[in-house]
């Protein structure tokens with residue numbers, strides 16, 4: 001099976017991140033920001049994409065592990 005289209009192309013282009021770096025596009029940022037905004041800090045950055053020019057991406061700067069998570073019973077400490 002082959003998957004093509006704009007979302008796949010931009011996901012591939014965002015995968016050019018450096019080792020250990022996580023980049024989100026605008027739609028991923030908006031979706032995660034409504035649900036998980038207390039778990040991380042993001043910084044807006046620009047990427048120069050081949051044949052497209054500059055795009056806005058969001059770089060994960062710091063992940064904050066919430067202390068009030070309720071773990072399922074099958075997870076051991």
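The values are calculated or read from the model by the stated rules, or taken from the named source; none is laboratory data. The shown structure was predicted, so the numbers you read here are calculated from the model rather than taken from an experiment. Cβ coordinates were reconstructed from backbone atoms using ideal geometry, including for glycine residues, and neighbour counts include every protein chain displayed.
Condition check ((1) touching a helix residue (DSSP H, G or I) at 6+ places or on another chain (Cβ under 9 Å); (2) modelled with pLDDT under 85; (3) surrounded by fewer than 11 Cβ atoms within 10 Å (Cβ to Cβ)) across all residues:
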| site | (1), (2), (3) |
| --- | --- |
| 2 | no, yes, yes |
| 7 | yes, yes, no |
| 12 | no, yes, yes |
| 16 | no, yes, no |
| 30 | no, no, no |
| 33 | no, yes, no |
| 39 | yes, yes, no |
| 54 | no, no, yes |
| 57 | yes, no, no |
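Scan (1) at pLDDT 85 or above; (2) in contact with a strand residue (DSSP E or B) (Cβ under 8 Å, 6 or more places away or on another chain) for the single condition residue 64 breaks and write down its number. Here residue 64 clears every test but (1). On the stretch given as the stretch 1-43, residues that are touching a strand residue (DSSP E or B) at 6+ places or on another chain (Cβ under 6 Å) and outside any loop (DSSP other than H, G, I, E, B) total 9.
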